[in-house]
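A.B. asks: Before I ask anything, here is the structure I am working with.
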């Protein structure tokens, strides 16, 4: 009864609050306009430059603001270059590096998040704080730390020399770049994983164990299906910035042999004056990532809906 | 059950402490080397404060370019906070309360920047400011607009989470007692929003002061160089431990702001009889609850 009254009351008050749509729209307008002008329109501008033309004298990109006269010659060239041409290596490398770094992050991050959520006991808050700390240490500082350790006379390099390992870590090593990506992004994986696992109803796992499932079966048949949505969302959350990363590569390798798509975008837009190619690569990357982004947005929206109802 | 727990406990405990050491020790070493007496960032030559303060040209607090970068970073962070906080709070309230198709549109628009890779936002804004909105010069103004755009979404997420947990009943009670809609908003809702506002301030400050990609794409050379840009450009050169000192300063600054924010948040909660303490405050600033 009390519950019905409560819902009834909430229903009434909500209708009252929602009753002044014009006021609330007024609140939303400035921010919305800001995002249209500085987030949505810039994407249109990228397309207009990508499908524009090149000034014959200054070799500069001339945007074509009218979508009806967009020119796809250069686009075709860049896309075929990504698929089969000189940029193919960059495209493949980007995907391979991100997949490797992601898998490694999960292998390290999942057990940690699991431990935090289930077995941390009395030390939970301390462990949580220690895990959150790297979250707030500047990314460049964390890369700088490794550059120091891995340089020719760095502590780590000298340490490895004791074991006869004489490896040039900072000169186009894919291993360094992949480990750098893991090091850089894993805090952003562990926290959402932990949040997902902590919310799980572990009594169901206990029930499965009581009903005779061994721990592996319980994990595969109960834990995993229950946490799947959260795992995928967390994975996407670090995959997106990894796909757009260029600074990790730039700091830890700086060699064309490990370049990812972000490095090409940075090169075309900041180092050379070929903004049209840069715009096309930005467009290609965004289209590729749109898939992950829409999936992520849909799953989080479902979650918030469940929470607010 | 207890037995299986035991079985999994020890290797996992080993792993988690190993991870913590792996994630923090390299940074600590970098911090220690900022006090190196020599010019090397890798070979220890004794303790000194020369890269922090005593060297009249190279120490971070005396070098003109570094001081310029520090002041640029602070100005950019505070300016972004000034613009993004009111904009974000209003957008959070508005977007939570409108309904229908426009609500979906606004919600999509506010959550997309949060997950768009920074390079995409930076590149798009760079192209926009150089070809379309050419009245916006690269440098401080462009960096400000870019950082506001990128951090707006996180303010909205934090404030919205708080709005959801407050619910509508307090405001309605105020309305029933004769407050106008504005009074209910100003004297009931806004004070209750305070912890989320404080969390937003902290998060935006830490994001902007650390931001590299957008600030770099929209910079106009030395005049708008921030601390991260300065660090980035000298990591692979033959930089002295002054680089470590500068990076340490950056980390210390965001930690100081975070600590103040966390303590402020948990004291506020305690004083207002809300549960959660430090855990809830941590969740506020890491956006764990989103």
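The values are calculated or read from the model by the stated rules, or taken from the named source; none is laboratory data. Everything numeric here is computed off the predicted structure, so don't read it as measured data. A quick note on method: Cβ atoms are made from the backbone with ideal geometry, for glycine too, and the neighbour counts reach across all protein chains shown.
A.B. asks: Tell me which residues, restricted to segment B:176-187, are part of a helix (DSSP H, G or I), surrounded by fewer than 19 Cβ atoms within 10 Å (Cβ to Cβ) and touching a helix residue (DSSP H, G or I) at 6+ places or on another chain (Cβ under 8 Å).
C.D. replies: First pass over segment B:176-187, keeping only residues part of a helix (DSSP H, G or I): B:176, B:181-187.
Adding the requirement that they be surrounded by fewer than 19 Cβ atoms within 10 Å (Cβ to Cβ) leaves B:176, B:181-183, B:185-187.
If the condition is that a residue be part of a helix (DSSP H, G or I), surrounded by fewer than 19 Cβ atoms within 10 Å (Cβ to Cβ) and touching a helix residue (DSSP H, G or I) at 6+ places or on another chain (Cβ under 8 Å), then B:181, B:183, B:185, B:187 are the ones that fit.
A.B. asks: Going by the conditions given, is residue A:106 more than 24 Å from residue B:245 (Cα to Cα), surrounded by fewer than 22 Cβ atoms within 10 Å (Cβ to Cβ) and at pLDDT 90 or above?
C.D. replies: Details: more than 24 Å from residue B:245 (Cα to Cα): yes; surrounded by fewer than 22 Cβ atoms within 10 Å (Cβ to Cβ): yes; at pLDDT 90 or above: yes.
Against the criterion (more than 24 Å from residue B:245 (Cα to Cα), surrounded by fewer than 22 Cβ atoms within 10 Å (Cβ to Cβ) and at pLDDT 90 or above), residue A:106 qualifies.
Residues checked against (1) more than 7 Å from every other protein chain (Cβ to nearest Cβ); (2) crowded, with 18+ Cβ neighbours inside 10 Å:
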residue: B:92; (1), (2): yes, yes
residue: B:95; (1), (2): no, yes
residue: B:99; (1), (2): no, no
residue: B:126; (1), (2): no, yes
residue: B:156; (1), (2): yes, yes
residue: B:161; (1), (2): yes, yes
residue: B:172; (1), (2): no, yes
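A.B. asks: In addition: From A:58, A:27, grab the single residue that is modelled with pLDDT of 90 or more and outside the structural domain of residue A:282 (by TED's automatic domain parsing).
C.D. replies: Working: A:58 fails: modelled with pLDDT of 90 or more.
Criteria check complete, one pass: A:27.
A.B. asks: I would also like to ask the following. Answer yes or no: is there a residue in segment A:117-131 that is within 30 Å of residue B:241 (Cα to Cα) and modelled with pLDDT of 90 or more. First the steps, then the outcome.
C.D. replies: Narrowing segment A:117-131 to residues within 30 Å of residue B:241 (Cα to Cα): A:129-131.
Keeping just the survivors that are modelled with pLDDT of 90 or more gives A:130-131.
Scanning segment A:117-131 turns up at least one residue that is within 30 Å of residue B:241 (Cα to Cα) and modelled with pLDDT of 90 or more.
A.B. asks: Something else about it: Tell me which residues, restricted to segment A:55-105, are in contact (Cβ under 8 Å) with a residue 24 or more places away in the chain and in contact with a strand residue (DSSP E or B) (Cβ under 8 Å, 6 or more places away or on another chain).
C.D. replies: Result: A:60, A:61, A:74.
A.B. asks: If you go through segment B:44-65 one residue at a time, do you hit one that is surrounded by fewer than 17 Cβ atoms within 10 Å (Cβ to Cβ), under 30 Å from residue B:171 (Cα atoms) and either at pLDDT 95 or above or within 12 Å of chain A (Cβ to nearest Cβ) (or both)?
C.D. replies: no
A.B. asks: May I pose another question? Is it fair to say residue B:76 is buried (at least 16 other Cβ atoms within 10 Å of the Cβ), closer than 24 Å to residue B:212 by Cα, at pLDDT 95 or above and at the interface with another protein chain (Cβ under 9 Å from one of its Cβ atoms)? It would help to see each step written out before you state the result.
C.D. replies: Details: buried (at least 16 other Cβ atoms within 10 Å of the Cβ): yes; closer than 24 Å to residue B:212 by Cα: yes; at pLDDT 95 or above: yes; at the interface with another protein chain (Cβ under 9 Å from one of its Cβ atoms): no.
So residue B:76 does not fit the description; no.
A.B. asks: When only residues in segment B:130-147 that are facing chain A (nearest Cβ under 9 Å), surrounded by fewer than 24 Cβ atoms within 10 Å (Cβ to Cβ) and part of a helix (DSSP H, G or I) count, which is modelled with the lowest pLDDT? Break it down stepwise before answering.
C.D. replies: We begin by selecting, within segment B:130-147, every residue facing chain A (nearest Cβ under 9 Å); these are B:130-133, B:145-146.
Keeping just the survivors that are surrounded by fewer than 24 Cβ atoms within 10 Å (Cβ to Cβ) gives B:130-133, B:145.
Filter once more, keeping what is part of a helix (DSSP H, G or I): B:130-131, B:145.
Details: B:130: 92, B:131: 89, B:145: 97.
Filtering first and then ranking leaves B:131.
A.B. asks: With the requirement that a residue be free of Cβ contacts under 8 Å to residues at least 24 places away in the same chain and either farther than 30 Å from residue A:273 by Cα or more than 8 Å from every other protein chain (Cβ to nearest Cβ) (or both), what does segment B:101-124 give you? It would help to see each step written out before you state the result.
C.D. replies: Just the residues of segment B:101-124 that are free of Cβ contacts under 8 Å to residues at least 24 places away in the same chain, to begin with: B:101-109, B:115-117, B:120, B:124.
If the condition is that a residue be free of Cβ contacts under 8 Å to residues at least 24 places away in the same chain and either farther than 30 Å from residue A:273 by Cα or more than 8 Å from every other protein chain (Cβ to nearest Cβ) (or both), then B:101, B:102, B:103, B:104, B:105, B:106, B:107, B:108, B:109 are the ones that fit.
A.B. asks: What is the one condition in (1) at the interface with chain B (Cβ under 7 Å from one of its Cβ atoms); (2) within 30 Å of residue A:190 (Cα to Cα); (3) modelled with pLDDT of 90 or more that residue A:38 does not satisfy?
C.D. replies: Of (1) at the interface with chain B (Cβ under 7 Å from one of its Cβ atoms); (2) within 30 Å of residue A:190 (Cα to Cα); (3) modelled with pLDDT of 90 or more, only one is false for residue A:38: (2).
A.B. asks: Further question: Are there helices (runs of 4 or more DSSP H) fully within segment B:213-290 with at least 2 residues that are free of Cβ contacts under 8 Å to residues at least 60 places away in the same chain? List them. Spell out the reasoning first.
C.D. replies: Values: elements: B:213-217, B:227-234, B:242-271, B:277-286.
Because the criterion is at least 2 residues that are free of Cβ contacts under 8 Å to residues at least 60 places away in the same chain, the helices (runs of 4 or more DSSP H) in segment B:213-290 that meet it are B:227-234, B:242-271, B:277-286.
A.B. asks: Please go through segment B:86-100 and give me each residue that is in contact (Cβ under 8 Å) with a residue 24 or more places away in the chain and more than 19 Å from residue B:164 (Cβ to Cβ), ordered by number. Explain how you work it out, then say what you get.
C.D. replies: Narrowing segment B:86-100 to residues in contact (Cβ under 8 Å) with a residue 24 or more places away in the chain: B:87-89, B:91-93, B:95-96.
Answer for segment B:86-100, where residues must be in contact (Cβ under 8 Å) with a residue 24 or more places away in the chain and more than 19 Å from residue B:164 (Cβ to Cβ): just B:87.
A.B. asks: Now for a separate question. Quick one: residue A:274 ticks every box in (1) modelled with pLDDT of 90 or more; (2) in contact with a strand residue (DSSP E or B) (Cβ under 9 Å, 6 or more places away or on another chain) bar one, so which box is it?
C.D. replies: (1)
A.B. asks: Conditions first: (1) facing another protein chain (nearest Cβ under 9 Å); (2) over 30 Å from residue A:146 (Cβ atoms); (3) crowded, with 21+ Cβ neighbours inside 10 Å. Residue A:297 passes all but one, so which condition is the exception?
C.D. replies: (3)
A.B. asks: Let me ask another. With respect to residue B:34, is the statement that it is surrounded by 15 or more Cβ atoms within 10 Å (Cβ to Cβ), farther than 15 Å from residue B:246 by Cα and at pLDDT 90 or above true?
C.D. replies: Numbers: surrounded by 15 or more Cβ atoms within 10 Å (Cβ to Cβ): yes; farther than 15 Å from residue B:246 by Cα: no; at pLDDT 90 or above: yes.
Answer is no for this residue.
A.B. asks: Oh, and also: Sort through B:281, B:245 and tell me the only one that's more than 9 Å from chain A (Cβ to nearest Cβ), at pLDDT below 90 and buried (at least 20 other Cβ atoms within 10 Å of the Cβ).
C.D. replies: Details: B:245 fails: at pLDDT below 90.
Every option except B:281 fails the conditions.
A.B. asks: What helices (runs of 4 or more DSSP H), lying completely within segment A:122-237, carry at least 3 residues that are more than 13 Å from every other protein chain (Cβ to nearest Cβ) and surrounded by 13 or more Cβ atoms within 10 Å (Cβ to Cβ)?
C.D. replies: Numbers: elements: A:124-136, A:139-150, A:155-162, A:174-199, A:203-210, A:215-218.
Fully inside segment A:122-237 and qualifying: A:174-199.
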